[in-house]
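So the structure is just underneath, and the comments pick up after that.
The values are calculated or read from the model by the stated rules, or taken from the named source; none is laboratory data. The structure displayed is predicted, hence computed values, not measured ones. Using ideal geometry, Cβ is built from the backbone for each residue, glycine included, and neighbour counts are taken over all protein chains shown. Ligands, DNA and RNA are excluded from the accessible area calculation, which covers all protein heavy atoms including side chains. Shrake-Rupley method; radii C 1.70, N 1.55, O 1.52, S 1.80 Å.
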Amino acid sequence: MKIAFVGKGGSGKTTLSSLFVRHLAAGGAPVVAIDADINQHLGPALGLDETEAAALPAMGDRLPLIKNYLRGTNPRIASAETMIKTTPPGEGSRLLRVREDNPVYEACARPVELDGGAVRLMVTGPFTDADLGVACYHSKTGAVELCLNHLVDGQGEYVVVDMTAGSDSFASGMFTRFDITFLVAEPTRKGVSVYRQYKEHARDFGVLLKVVGNKVQGQDDLDFLRAEVGDDLLVTVGHSDWVRAMEKGRPPRFELLEDVNRRALRTLQVAADATYELRDWQTYTRQMVHFHLKNADSWGNARTGADLAAQVDPGFVLGESLAATA
């Protein structure tokens with residue numbers, strides 16, 4: 001299942017996504033965790049120290065390798081240079097799977113040992129001094145979108161993505177790449193404003209959006225969130241001594257997380273698992289093509305000097321059956 005955590009800066013989305021990753025790993029599930037926020041905090045939230053987090057390989061710096069691998073023998077893609085972040089797979093493309101080993105994981109993913117298991121962690125990479133004034137950070141997060149476009153995941157497999165803050169997620173089609181999106185919202189006007197914005201932008205794309213109320217301290221906070229987001233409110237999370245210790249770099253064993261918060265994480269997993277039966281790979285592929293054609297017309301054709309619409313394989317539909325035959 002592909003799962004996104006979104007929310008305004010400071011809402012706690014990285015903390016909650018890291019807790020969810022720990023929860024899945026503790027249950028023995030295969031997990032790929034991706035930090036798609038240009039402010040790279042998921043690694044430290046999973047227990048890496050500053051040196052370890054800084055040494056993580058940046059996906060944005062390895063785009064040529066990613067493109068060359070994913071295009072495979074697809075005759076519609078003349079070269080890696082003509083691939084953009086939205087380029088869809090077609091006949092001959094290589095696909096990514098959660099449980100496999102491949103050159104993309106070898107170059108871009110690193111195993112993170114947790115007290116309940118291990119996960120693969122991938123990061124976009126930070127915005128550097130060399131990027132200032134000359135680069136858009138979406139060129140880095142585009143590596144994540146390209147990988148998600150070529151990813152086939154199955155039941156009981158999880159890809160958890162900590163997205164960029166606020167409504168910046170809509171600067172590409174990546175917001176449609178998920179089975180479910182958890183929007184982390186504080187019980188404040190600013191906290192729910194991102195929810196309203198996200199809900200409006202995602203309305204026409206069938207995005208399944210559920211709100212996780214964070215920093216909820218009492219009935220008044222709960223009533224406020226219920227009044228503002230209605231049935232989209234899935235669960236709430238309050239104060240956690242375990243999280244406070246984690247933020248100080250001294251996390252206790254994960255099994256000591258408070259019972260109420262463990263139940264909240266189980267609720268998130270149940271909601272994610274329930275979306276498996278709702279999967280529509282044809283719609284998923286069609287949306288991928290939709291955003292690719294928009295990007296091709298807007299800037300891609302001019303940037304690459306190629307007709308990127310020709311990259312679309314009209315008979316190709318991404319799906320789990322391809323994982324079995326590729």
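Remark: pairs (first residue in the stretch 48-60, on the phi < 0 side of the Ramachandran plot; second residue open to solvent by 30 Å² or more (accessible area, probe 1.4 Å); Cβ separation under 6 Å; 6+ apart in sequence or on different chains) = 53/44; 56/110.
The residues of the stretch 7-57 that are open to solvent by less than 30 Å² (accessible area, probe 1.4 Å), closer than 16 Å to residue 268 by Cβ and part of a loop (DSSP other than H, G, I, E, B), listed by number, are 7, 11, 12, 29. Quick check on the stretch 270-326: of everything there that is in contact with a Ser or Thr (Cβ under 6 Å, 6 or more places away or on another chain) and not hydrophobic (A, V, I, L, M, F, W, C), which residue is farthest from residue 86 (Cα to Cα)? The qualifying residue farthest from residue 86 (Cα to Cα) is 304. I want to confirm something. Restricting to the stretch 294-322 and keeping residues that are open to solvent by 70 Å² or more (accessible area, probe 1.4 Å), outside any loop (DSSP other than H, G, I, E, B) and not basic (Lys, Arg), which single residue is nearest to residue 2 (Cα to Cα)? Ranking the qualifying residues of the stretch 294-322, first place goes to 321. Scanning the stretch 187-240 for residues that are at positive phi and touching a Pro at 6+ places or on another chain (Cβ under 9 Å) yields a count of 1. Just one of the listed residues (89, 44, 75) is closer than 25 Å to residue 272 by Cβ and modelled with pLDDT of 95 or more, namely 89. Set side by side, the residues 211, 243, 260 differ, and just one is in contact with a strand residue (DSSP E or B) (Cβ under 8 Å, 6 or more places away or on another chain) and not aromatic (Phe, Trp, Tyr), which is 211. Listed conditions (1) under 27 Å from residue 287 (Cα atoms); (2) open to solvent by less than 30 Å² (accessible area, probe 1.4 Å) are all met by residue 201, apart from (2). Filtering 287, 269 for residues that are more than 24 Å from residue 29 (Cβ to Cβ), surrounded by 15 or more Cβ atoms within 10 Å (Cβ to Cβ) and touching a residue at least 60 places away in the same chain (Cβ under 8 Å) leaves a single hit, 287. Would you mind telling me which numbered condition in (1) out of contact with any Phe, Trp or Tyr (no Cβ under 8 Å at 6 or more places or on another chain); (2) touching a residue at least 40 places away in the same chain (Cβ under 8 Å) residue 257 fails? (1) is the only condition that residue 257 fails. The single condition from (1) outside any helix (DSSP H, G or I); (2) surrounded by fewer than 19 Cβ atoms within 10 Å (Cβ to Cβ) that residue 216 fails is (2).
Of 110, 120, 97, which residue is touching a residue at least 24 places away in the same chain (Cβ under 8 Å) and either out of contact with any Lys or Arg (no Cβ under 8 Å at 6 or more places or on another chain) or closer than 23 Å to residue 238 by Cβ (or both)? The unique qualifying residue is 97. Quick check on the stretch 126-144. Is at least one of its residues within 26 Å of residue 58 (Cβ to Cβ), at pLDDT 90 or above, crowded, with 19+ Cβ neighbours inside 10 Å and in contact with a helix residue (DSSP H, G or I) (Cβ under 9 Å, 6 or more places away or on another chain)? Within the stretch 126-144 (the criterion being within 26 Å of residue 58 (Cβ to Cβ), at pLDDT 90 or above, crowded, with 19+ Cβ neighbours inside 10 Å and in contact with a helix residue (DSSP H, G or I) (Cβ under 9 Å, 6 or more places away or on another chain)), the answer is yes, since at least one residue qualifies. One residue stands out among those in the stretch 58-108 that are assigned to a loop (DSSP other than H, G, I, E, B) and more than 22 Å from residue 313 (Cβ to Cβ): the one that is most open to solvent (accessible area, probe 1.4 Å), which is 99.
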